[in-house]
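Enquirer: Let me give you the structure first, and then I'll get to my questions.
The values are calculated or read from the model by the stated rules, or taken from the named source; none is laboratory data. The model shown is predicted, which means the values in this text are computed figures rather than measured ones. Methodologically, a virtual Cβ is constructed for each residue, glycine included, from the backbone with ideal geometry; neighbour enumeration extends over all protein chains shown. All accessible areas refer to the heavy atoms of the entire protein, side chains included, with ligands and DNA or RNA removed. Shrake-Rupley method; radii C 1.70, N 1.55, O 1.52, S 1.80 Å.
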Amino acid sequence: MALPLRKPLFWIHLVVGVVVGIVVAIMSVTGVAIAFESQVLEWAEAEARAVPAPEAEVRRLPIEALVAKVREAKPEAQVSGVTVYPSATAAAQVALGRAGVVFVNPYTGEVREGGAKGWRDFFHVMEDWHRWLATGGDNRAIGKAITGASNAGFLFLALSGLYLWWPRKWTLKTVRPVLWFKRGLKGKPRDFNWHNVIGLWSMPVLVVLTASGMVISYKWASDFVYSVTGNPAPATQGPPGSAGVKVTPPEGGAPRKELGALLATVQEQVPAWSSITYRLPSPPRGAGGQDKPSAPPGQAPSAPPRAGQGEPGARAEAPVVAGERRAESPVTNSERRTETPAGEGAPRAEPRGGAPVAEGERRVEAPAAEGERRAESRGGAPVAEGERRAEGKSRGESRGPKGDSDGKVDAVTFNVKEQDGWPLFASTQFSVDPFSGVIAKREGFADFNSGRKLRTWLRFLHTGEALGWVGQLIAAMASLGGVFLVWTGFALSWRRFFPKRNPRTSTPVPASSEPTPVSSPETPA
């Protein structure tokens with residue numbers, strides 16, 4: 001059966017492949033490189049992540065003490081989150097915003113560097129290229145637009161390639177050349193065979209990666225997910241449900257409870273917890289629009305950073321939980337800034353800006369230009385300092401322990417991952433009243449509407465993390481296949497536009513020297 005519009009679609013397929021091929025190859029290569037970032041970092045930092053087993057009578061230090069120890073060891077860093085684990089030999093993980101993470105002995109307060117700076121720098125570079133072609137400052141929006149458009153082009157190539165591959169007749173002779181690799185081929189026959197075989201077997205995964213990348217890159221695509229499920233789309237593109245819960249302080253100025261008491265309340269709710277992440281509140285605005293470090297509830301704020309130190313304007317970042325990644329919502333698994341909506345992992349990451357190949361959104365977020373910060377609702381685009389302040393007011397966000405204009409304050413937020421939980425990326429967010437210790441809100445994956453559930457699945461399918469290391473491996477292999485698709489596509493296109501003239505020979509070339517094309521004489525590039 002001859003499919004209609006095969007020839008014009010072939011030429012569109014060829015032109016789109018030539019236009020977006022280089023960018024697709026970059027995102028594919030970097031996608032493979034960062035596919036197992038969390039596992040590599042866990043291996044490289046294994047020594048720093050472990051502590052000696054304590055004596056039976058030794059108790060863990062409270063979270064406030066861990067934060068104080070880190071601030072004492074690194075006065076220039078801004079602590080943004082603490083993750084604790086149930087194992088007696090596991091170090092606590094403390095995030096330092098854009099400065100990375102450190103590990104703290106929960107019994108002695110000893111602060112340790114991770115010991116994997118080289119690996120973290122490598123993944124940071126790979127993520128920058130994967131998400132916005134290593135552009136910075138005002139050019140980052142351009143880089144993100146290019147990767148997003150190239151991702152959409154890659155989705156078209158995957159779907160149109162299947163249409164062009166579709167055999168006119170389903171016989172062993174016509175289908176066999178494009179079902180598996182043939183030995184002994186060279187030149188055009190080899191490239192044709194590889195392009196079709198790799199494209200056929202990679203196509204289902206590439207469609208998932210690129211389609212989910214579009215949902216992450218474009219608000220209209222994200223809103224469409226909610227529309228098809230009959231749910232209202234969130235007002236902003238940032239992670240849904242990330243807005244803090246507000247509580248009314250009791251009259252009479254009752255003191256806040258210690259974090260240890262609040263943490264114990266949460267642990268009682270989930271006895272089989274595997275990690276709990278406490279996110280420090282965003283720093284309050286200071287004079288000149290600069291942020292001042294805030295202290296955990298129940299602790300006096302520390303002194304502001306000295307000149308040239310700290311990261312004014314930096315958004316608080318939650319720590320990376322072992323085996324998890326982050327990504328910024330514009331893909332692919334380390335952002336990396338943590339945007340932790342309940343049930344989307346703790347901490348949450350959104351894939352790199354529009355990458356077709358996302359293997360884990362990743363951890364360290366690229367530094368913003370001086371006087372700028374990213375706006376989650378704008379997909380990571382830098383926001384000028386003055387615009388920043390206006391944005392905070394429009395959202396009505398409270399900064400730090402001081403309340404907002406109506407007298408309410410932020411509840412203390414903990415994100416809890418449960419052992420053997422499903423989906424693998426799911427977590428539960430607890431918002432606790434810092435004065436009474438009562439849980440003001442509990443929200444997990446099961447509490448999401450169908451639109452948000454689907455949107456969350458797509459985010460982690462994009463990185464492969466939704467299916468654990470097996471999903472990451474499948475996504476990495478499909479990304480590697482994307483590299484070969486670009487190479488063989490360019491090779492076929494070059495031969496088509498610049499054919500090599502063979503000298504005349506007295507012996508005619510046998511008609512069977514090349515495999516019989518499945519689609520048409522004009523095989524797709």
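Enquirer: Residues that are under 24 Å from the mean Cα position of the chain (by Cα) and more than 30 Å from Met214 (Cβ to Cβ): does the range 12-27 have at least one? Working first, answer last.
Expert: Initial filter on the range 12-27 (under 24 Å from the mean Cα position of the chain (by Cα)): 20-27.
Checking which are more than 30 Å from Met214 (Cβ to Cβ) leaves us with none.
Checking the range 12-27: not a single residue is under 24 Å from the mean Cα position of the chain (by Cα) and more than 30 Å from Met214 (Cβ to Cβ).
Enquirer: Within the bounds of the range 123-140, is there any residue that is in a strand (DSSP E or B) and open to solvent by 30 Å² or more (accessible area, probe 1.4 Å)?
Expert: Let us first name the residues in the range 123-140 that are in a strand (DSSP E or B), namely none.
No, the range 123-140 has no match at all.
Enquirer: Now for a separate question. Restricting attention to the range 62-79, and to residues there that are assigned to a helix (DSSP H, G or I) and among the β-branched types (Val, Ile, Thr), which single residue is farthest from Thr265 (Cα to Cα)?
Expert: Once the filter is applied, the top-ranked residue is Val70.
Enquirer: Sticking with this structure for a sec: Taking the range 161-188, which residues are surrounded by 16 or more Cβ atoms within 10 Å (Cβ to Cβ) and assigned to a helix (DSSP H, G or I)?
Expert: Hits for the range 161-188 are Gly161, Leu164, Trp165, Thr174, Pro177, Val178, Lys188.
Enquirer: Whether any residue in the range 194-203 is in a loop (DSSP other than H, G, I, E, B), open to solvent by 40 Å² or more (accessible area, probe 1.4 Å) and of a type outside the set (Val, Ile, Thr) is what I want to check.
Expert: Applying the first criterion (in a loop (DSSP other than H, G, I, E, B)) to the range 194-203 yields none.
Scanning the range 194-203 turns up no residue that is in a loop (DSSP other than H, G, I, E, B), open to solvent by 40 Å² or more (accessible area, probe 1.4 Å) and of a type outside the set (Val, Ile, Thr).
Enquirer: Moving on to the next point. Take the range 459-480 and flag every residue that is open to solvent by 50 Å² or more (accessible area, probe 1.4 Å) and of a type in the set (A, V, I, L, M).
Expert: Leu461, Leu467, Val470, Leu473, Ile474, Met477, Leu480
Enquirer: Could you tell me which numbered condition Val102 fails, if it satisfies all but one of (1) open to solvent by 40 Å² or more (accessible area, probe 1.4 Å); (2) within 30 Å of Tyr85 (Cα to Cα); (3) in contact with a strand residue (DSSP E or B) (Cβ under 9 Å, 6 or more places away or on another chain); (4) not hydroxyl-bearing (Ser, Thr, Tyr)?
Expert: (1)
Enquirer: Among Pro301, Pro239, which is farther than 30 Å from Tyr163 by Cβ, surrounded by fewer than 19 Cβ atoms within 10 Å (Cβ to Cβ) and modelled with pLDDT under 95? Break it down into steps so the answer makes sense when it comes.
Expert: Details: Pro239 fails: surrounded by fewer than 19 Cβ atoms within 10 Å (Cβ to Cβ).
Exactly one of Pro301, Pro239 is farther than 30 Å from Tyr163 by Cβ, surrounded by fewer than 19 Cβ atoms within 10 Å (Cβ to Cβ) and modelled with pLDDT under 95, namely Pro301.
Enquirer: Return only the number of the condition from (1) β-branched (Val, Ile, Thr); (2) open to solvent by less than 20 Å² (accessible area, probe 1.4 Å); (3) out of contact with any His (no Cβ under 8 Å at 6 or more places or on another chain) that Ile34 does not satisfy.
Expert: The single condition Ile34 does not satisfy is (3).
Yes/no per residue for (1) touching a helix residue (DSSP H, G or I) at 6+ places or on another chain (Cβ under 7 Å); (2) at pLDDT 95 or above:
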position: Gly407; (1), (2): no, no
position: Phe435; (1), (2): no, no
position: Val438; (1), (2): no, no
position: Leu454; (1), (2): yes, yes
position: Ile474; (1), (2): yes, yes
position: Met477; (1), (2): no, yes
position: Trp494; (1), (2): no, no
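Enquirer: Residue by residue through the range 433-458, note down the ones that are hydrophobic (A, V, I, L, M, F, W, C), within 30 Å of Gly252 (Cα to Cα) and open to solvent by less than 60 Å² (accessible area, probe 1.4 Å). Show your work before the answer.
Expert: Taking the range 433-458 and keeping what is hydrophobic (A, V, I, L, M, F, W, C), we get 435, 438-440, 445-446, 448, 454, 457-458.
Subset that is within 30 Å of Gly252 (Cα to Cα): 435, 438-440.
If the condition is that a residue be hydrophobic (A, V, I, L, M, F, W, C), within 30 Å of Gly252 (Cα to Cα) and open to solvent by less than 60 Å² (accessible area, probe 1.4 Å), then Phe435, Ile439, Ala440 are the ones that fit.
Enquirer: What tally of residues in the range 62-104 results from selecting those that are among the aromatic types (Phe, Trp, Tyr) and on the phi > 0 side of the Ramachandran plot? Outline the logic, then answer.
Expert: Looking only at the range 62-104, we keep the residues that are among the aromatic types (Phe, Trp, Tyr), and these are 85, 103.
Remaining after also requiring on the phi > 0 side of the Ramachandran plot: none.
Total meeting the criteria: 0.
Enquirer: Would you pick out the residues in the range 80-95 that are assigned to a loop (DSSP other than H, G, I, E, B), open to solvent by less than 10 Å² (accessible area, probe 1.4 Å) and not hydroxyl-bearing (Ser, Thr, Tyr)? Full working, then the answer.
Expert: Here is the first cut: in the range 80-95, the ones assigned to a loop (DSSP other than H, G, I, E, B) are 80, 85-89, 91.
After this cut, where a residue has to be open to solvent by less than 10 Å² (accessible area, probe 1.4 Å) as well, the list is 80, 91.
Scanning the range 80-95 gives a single hit, Ala91.
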